[in-house]
Every structure is written in C-alpha cells, then in structure tokens.
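The structure appears right after this line, and notes come after that.
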Amino acid sequence: MNQAGNKILIVDDEIAVAEVVSLYLQKEGYECMLAHDGRVALAKMDERPILVVLDINLPEVDGLSVLSTIREKYPDTGVIMLTARRQEIDRIYGLELGADDYMVKPFSPAELVARVKAVLRRMEGSASGGAQSSALVFDDGALEIDPLSHSVKVNSSEIELTATEFSLLKFMAEHPRQVFSRDQLLDSVWGMTDYVDPNTVTVHMRRVREKIEENPGKPRWLQTVWGVGYKFIPDQSA
C-alpha cells in the first residue's frame with residue numbers, strides 16, 4: 001500500500017454517529033479524521049487515509065459518488081459503507097463499485113471496529129503476500145498473481161484489484177479445484193461470517209471475474225459449482 005500510518009476517515013452527516021465511531025477507533029490506536037459531507041470527504045482524501053468509513057446518504061456529493069472517486073483515484077484504500085436497512089439496492093451497488101464491506105444502521109460501534117480490523121488485515125496480508133510469497137502462474141503465464149507486489153496480470157496486462165478482490169482471488173488460486181461455499185469464503189477471506197451478507201461474496205466474485213476473465217459469463221478460472229459454491233481451475237485442461 002502507498003499509505004503510511006493508521007489514519008481513518010469517517011464520513012457521516014450525523015455528527016454524533018461520526019464522533020462515536022471516532023472515539024471507538026481512537027481507543028484502538030487509530031488516528032481519525034471526520035467529514036460530514038461528500039465534498040469535504042473527497043478533499044480529505046489528499047491526506048491518504050488507509051481506510052474510509054463512508055455513509056451513503058451525504059449532502060453535497062453522495063456516498064456512492066465518493067466511493068466511485070475513491071476507487072478511481074485511491075484504489076488501495078479500504079472502504080466500509082454505512083447504509084440504512086431499506087437501501088439494499090444501494091448496498092449491492094456499493095459493493096459493485098468496490099466497497100470492501102458494509103454495515104447497516106443502526107450498528108454496534110464495537111462491531112464496526114472489528115470490521116475495520118478485518119479489512120486492514122486483508123490489506124496487510126495482500127501487501128505482504130501472507131504465507132504465500134512466490135508468484136502464482138497459471139495457463140502458461142496467462143494469469144499471474146504476485147502477492148509480494150500485490151499485482152495481477154492477464155496475458156501480461158496488469159489488472160487493478162482492490163485489496164479484498166485480490167485476497168479473494170489469491171485464496172482461490174492457492175486452493176486449486178477445491179470447492180468453497182460462500183460462508184467458507186467469508187470465514188477464510190473476510191475473517192467473519194456473522195453479520196456479513198453472503199451476497200458480499202457473490203458481488204466480489206463477479207467483480208473479479210469481470211476484471212480477469214475474457215468471458216465473465218463463462219469463466220475460465222473462477223467457476224461456479226451450482227448449489228455449492230466456487231472453485232478455481234488452474235488450467236484449461238483441468
């Protein structure tokens with residue numbers, strides 16, 4: 001990651017909510033910045049927070065537009081969305097735009113802290129390479145996954161993935177042909193199954209396919225096992 005330090009940007013137009021979240025995160029040693037509208041949030045991105053806690057309902061610039069800009073300009077920044085329970089479509093759209101996780105209001109600040117730590121662990125694992133340090137190469141070099149440089153190449157062209165997308169692809173590639181349910185992937189990649197919608201896995205899997213597969217509707221590597229889950233096929237002859 002390019003960011004340094006432990007700075008977290010909390011973006012919520014409900015000042016009391018933002019301040020409570022900030023207090024909980026500060027107790028865990030994080031430095032917090034607050035923004036109460038989307039325009040200020042985008043300005044504060046120049047300070048390169050490692051993670052953004054982002055509400056969807058914001059004045060000036062809405063949260064989904066802020067998320068889209070973050071993913072375009074700061075792809076290595078973690079993002080956790082905050083949404084109202086009735087906004088299921090917005091939650092799915094937010095995941096499609098590249099949010100790492102989301103929480104539904106009202107929520108427990110302690111649970112949010114746990115989510116923040118889980119996202120940062122995935123980001124750190126992706127950046128360090130985790131247990132697997134050597135590059136993973138498939139189909140005679142058609143797909144290359146390098147944990148040390150946090151890079152993915154398809155036919156020698158570099159593909160940009162978020163930290164969560166990279167962690168998901170890396171995990172699947174490290175367990176070729178093994179079938180994983182969505183709950184198993186939530187546990188292994190997200191680090192939690194409680195309170196996380198399994199649709200999170202579905203959306204992230206679709207995003208990775210759209211980025212690495214020539215035909216996402218008929219994937220070459222990340223295949224669906226209907227009624228069970230997903231598996232990674234390392235080469236076309238498998």
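The values are calculated or read from the model by the stated rules, or taken from the named source; none is laboratory data. Worth saying up front: this structure is predicted, and the values here are computed from it rather than measured. All Cβ positions, even for glycine, are placed from backbone atoms using ideal geometry, and neighbour counts span all protein chains on display.
Assorted remarks:
- Breaking point among (1) of a type in the set (S, T, N, Q); (2) modelled with pLDDT of 90 or more; (3) surrounded by 15 or more Cβ atoms within 10 Å (Cβ to Cβ), for residue 157: (3)
- Of all residues in the stretch 97-123, those that are touching a strand residue (DSSP E or B) at 6+ places or on another chain (Cβ under 7 Å), of a type outside the set (A, V, I, L, M, F, W, C) and modelled with pLDDT under 85 total 0.
- Of the residues in the stretch 51-68, none is at pLDDT below 95, farther than 20 Å from residue 13 by Cα and not assigned by TED's automatic domain parsing to the domain that holds residue 200.
- Of all the residues in the stretch 172-194, those that are crowded, with 19+ Cβ neighbours inside 10 Å and either assigned by TED's automatic domain parsing to the domain that holds residue 122 or of a type in the set (A, V, I, L, M, F, W, C) (or both) number 7.
- Matching entry among 188, 181, 149 (being more than 27 Å from residue 77 (Cβ to Cβ) and within 20 Å of the chain's Cα centre (by Cα)): 181
- Test: residue in the stretch 28-35 that is in contact with a Lys or Arg (Cβ under 7 Å, 6 or more places away or on another chain), of a type outside the set (D, E, K, R) and at pLDDT 95 or above: yes
- A search for C-beta distances below 8 Å between a residue of the stretch 23-39 that is touching a residue at least 60 places away in the same chain (Cβ under 8 Å) and any residue that is part of a strand (DSSP E or B), counting only pairs 6+ apart in sequence or on different chains, returns 25/8; 25/10; 25/32; 30/7; 30/8.
- Scanning the stretch 140-174 for residues that are part of a loop (DSSP other than H, G, I, E, B) and hydroxyl-bearing (Ser, Thr, Tyr) gives 149, 156, 162.
- The lone exception for residue 149 - which of (1) more than 17 Å from residue 122 (Cα to Cα); (2) exposed (fewer than 14 other Cβ atoms within 10 Å of the Cβ) it fails: (1)
- Pair list, Cβ under 7 Å, 6 or more apart: the stretch 101-115 residue more than 21 Å from residue 165 (Cα to Cα), other residue of a type in the set (Val, Ile, Thr): 104/83; 105/83; 109/20; 109/21
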